Amino acid sequence: MLVPPRDSAMWRKEFLFGSATASFQIEGATHEDGRLPSIWDTFCATPGKVLNGDTGEPACDHYHRWASDLDLLTGLGLDGYRLSLAWPRVMDEKGRRNDKGLDFYKRLLDRLCEKGLQTFVTLYHWDLPQHLEARGGWLNRDIAYRFADYADLVSRELAGKVTAWATLNEPWCSAYLGYGNGHHAPGLSDPRCATQAMHHLLLAHGTALPVLRANDPRARAGIVANIGRGTAATNSPEDRRAAHLFEVQQNAWVLDALFKKQYPADLFELWPGTEPLVLDHDMETIGTPLDFLGINYYTRSTVKSDGAHGFVEAPLADVERTQMGWEVYPDGLRQLLVQFKASYPDLPPIYITENGMASDDTVSHGEVVDEQRIRFIGAHLRALDQAMREGVDVRGYFVWSLMDNFEWSFGYERRFGMVHVDYATQVRTPKHSALALRRFLNERRNCA
Ligand code: IFM
């Protein structure tokens, strides 16, 4: 059952329901209208990096099908849509505007505004222009200032069309998966690179915030962080410490920087000798107050001590999992939100900017029966409702994702959408979860 409790604040129209996507995962058209190569084009072209050799082409061909995709979105009765801009589409190597790329996003946002949807726009959802990677990517401090130039261009061009700007999507993934273990582009694996990349990502975020505010004062400005619950495999002090360290590197690495203006000391116990180079005032910049915090939550990890300074995963048997192998653990969302409220007095209002699951969905007689997703969303809405009752200020919830799309190193095999995409024909089929969400939103509208 997807519907939140009848007396929940989620039944009020002020609580926003939306769905989310990201440029590289849906757009395709990677060579069109002056778009430059991104690090993900390069990564996909590197043998062995992406399942089945899948690439960002044609993805969901959204670059050409955007108008009908928005009809689909509004047909579901959603209040908002979260999308990201492709940096390589809108700026050339010299930092000059690419009008064709900008026009694509102008048309998209204008149509969303006409339809009365709130627009949540992320500047960076991992598709870094390859020419910046050639200059060191997120390891080069200069990128923070290039990012601010990019923020300046798009916020001047798109001002008035955006409800809320998010600088970065999941800096932990960019830093750790991109530079720490090499599972994501650009594919480096060195914890020293991960901490330095993280510092420059967050510096870029803090440098861009005042630019966004100056150019588009009516929009809100924030960031999107992924969070993970870590629980100890046993009650031993070593395993409890392991669980603590898991959450330090998953959550506090980003949130302490944003809300305490420091990196957690425990992080460098976990990875000795990896302190990034931090200049005077950097942490002040990173800690610039936010209008909102976007939270992406999917799962928890059970961990135990590795016998030294760190942790290793100790997966539980007999728990429900998704196609990603991730445990379904809705209460982790409540637990973390309540913990953050206690730890960070300056926590701004929260939007759940991603939550959802992958399943191996197929179309049969025109229908896609994704009962697990319906249960998953419902259980997370109930956990979120409980967090709100415990005093956490949550303003909205976005399902990841509107439609099946390119799931990074897992290519097209993992399906996160509420709408099924047949990649051979590009036919879209709303799954039962989409229909269930539409029924709830219609009912909510009728009760208003
Ligand atoms: O598909 C991703 C998205 O790009 C970022 N957050 C997690 C999702 C599922 O893995």
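If r is the Cβ-Cβ distance from Thr74 to Glu390 and R0 is 51 Å, what FRET efficiency results, to the nearest 0.05?
The calculated FRET efficiency here is 0.95.
At 1.4 Å probe radius, can you tell me the per residue accessible area of segment 233-358 in Å²?
Dividing the accessible area of segment 233-358 by its residue count gives 43 Å².
Could you tally the net charge around Leu128, taking each other residue with its Cβ under 11 Å from the Cβ of Leu128, Lys/Arg +1 and Asp/Glu -1?
Result for the local shell: -1.
Calculate the all-directions average of the projected area of segment 95-152's alpha-carbon convex hull, and give it in nm².
Result: a mean projected hull area of 4.6 nm².
If one computes P(r) from the Cα atoms of segment 139-212, what percent of pairs lie at distances over 14 Å?
For segment 139-212, the fraction of Cα-Cα distances above 14 Å is 60 percent.
Per the Debye formula with a single identical scatterer at each Cα and no solvent contribution, what log10 I(q)/I(0) holds for the chain at q = 0.10, 0.11, 0.13, 0.14 Å⁻¹?
Each listed q corresponds, in turn, to -0.68, -0.84, -1.24, -1.49.
Keeping every protein chain present and rolling a 1.4 Å probe, give me the accessible area per residue for segment 68-162 in Å².
Heavy-atom accessible area per residue stands at 34 Å².
With a 1.4 Å probe and all protein chains left in place, how much of the accessible area of segment 272-340 comes from carbon and sulfur atoms, in whole percent?
53 percent
Multiplying the sequence separation of Thr288 and Leu316 by 0.36 nm and subtracting their Cα-Cα distance, what value in nm do you get?
6.1 nm is the gain from fully extending Thr288 to Leu316.
Rg/Rh for segment 321-448: what does it come to with C-alpha atoms and Rh from Kirkwood?
That ratio is 1.02, to two decimals.
Can you give the alpha-carbon Rg of segment 258-346 over 2.2 N^0.38 Å, where N counts its residues?
1.39
What distance in nm separates the simple spin-label points at Phe268 and Asp7, each placed 7 Å from Cα in the Cβ direction?
5.0 nm
May I ask you to compute the full-extension gain from Ala134 to Lys94, defined as 0.36 nm times their residue separation minus their alpha-carbon distance, rounded to one decimal in nm?
13.0 nm
Can you tell me the relative contact order of the chain? Whole percent, Cα pairs under 8 Å, sequence separation 6 or more.
Relative contact order comes out at 19 percent.
Tell me, what % of the accessible area of segment 19-148 is carbon and sulfur with a 1.4 angstrom probe?
It is 50 percent, rounded to a whole number.
What FRET efficiency do you get for Asp152 and Thr46 if R0 is 45 Å and r is their Cβ-Cβ distance, rounded to the nearest 0.05?
For Asp152 and Thr46, the calculated efficiency is 0.90.
Dipole of the chain (Lys/Arg Cβ +1, Asp/Glu Cβ -1, origin at the Cα centre): which of Phe147, Leu333, Leu132 lies farthest to the positive side?
Leu333
Any aspartates and glutamates with Cα under 19 Å of the Lys49 Cα? List them, leaving off those in the same chain fewer than 8 positions away.
Excluding near neighbours in sequence, the set is Asp41, Glu57, Asp127, Glu133, Asp190, Glu407, Glu413.
Place a +1 charge on the Cβ of each Lys and Arg in the chain and a -1 charge on the Cβ of each Asp and Glu, then give the dipole magnitude about the Cα centre in debye, rounded to the nearest 20.
It comes to approximately 1160 debye.
Determine the equivalent ellipsoid of segment 1-55 by diagonalising the alpha-carbon gyration tensor, then write out the semi-axes as square roots of 5 times the eigenvalues, largest first, rounded to whole Å.
Semi-axes, largest first: 39, 16, 8 Å.
May I ask for the net charge around Leu158, where only other residues with Cβ less than 9 Å from the Cβ of Leu158 are counted and Lys, Arg are +1 while Asp, Glu are -1?
Surrounding charge for Leu158 is +1.
Ignoring ligands, DNA and RNA, please state the percent of accessible area on segment 380-439 from carbon and sulfur, probe 1.4 Å.
50 percent
Straight-line reach from Lys304: which lysines have Cα under 27 Å away, leaving out those fewer than 8 places along the same chain?
Output for Lys304: Lys341.
Under a cut-off of 20 Å between alpha-carbon atoms, report the lysines in cross-link reach of Lys106, not counting same-chain residues fewer than 8 places apart.
Lys115, Lys161
So what is the 222 nm mean residue ellipticity for the chain from helices alone, if each DSSP H run of at least 4 adds -39500 (n - 2.57) and you divide by all residues, rounding to the nearest 500 deg cm²/dmol?
-11500 deg cm²/dmol
Return the Rg/Rh value of segment 306-385, two decimal places, where both radii are evaluated on C-alpha atoms and Rh is the Kirkwood radius.
Ratio of gyration radius to Kirkwood radius: 1.08.
How big is the C-alpha Rg of segment 175-324 next to the rule-of-thumb value 2.2 N^0.38 Å, as a ratio?
1.14
When only alpha-carbon atoms count, how far does segment 33-159 stretch along each of its three principal axes, as whole angstroms with the largest first?
42, 38, 23
The values are calculated or read from the model by the stated rules, or taken from the named source; none is laboratory data. These numbers were taken from a predicted model, which means no experiment stands behind them. When we count neighbours, we look across all protein chains shown, and the Cβ atoms used for this are built from the backbone with ideal geometry, even at glycine. Accessible surface is based on the protein model in full, side chains and every heavy atom, while ligands, DNA and RNA are left aside. Shrake-Rupley method; radii C 1.70, N 1.55, O 1.52, S 1.80 Å.
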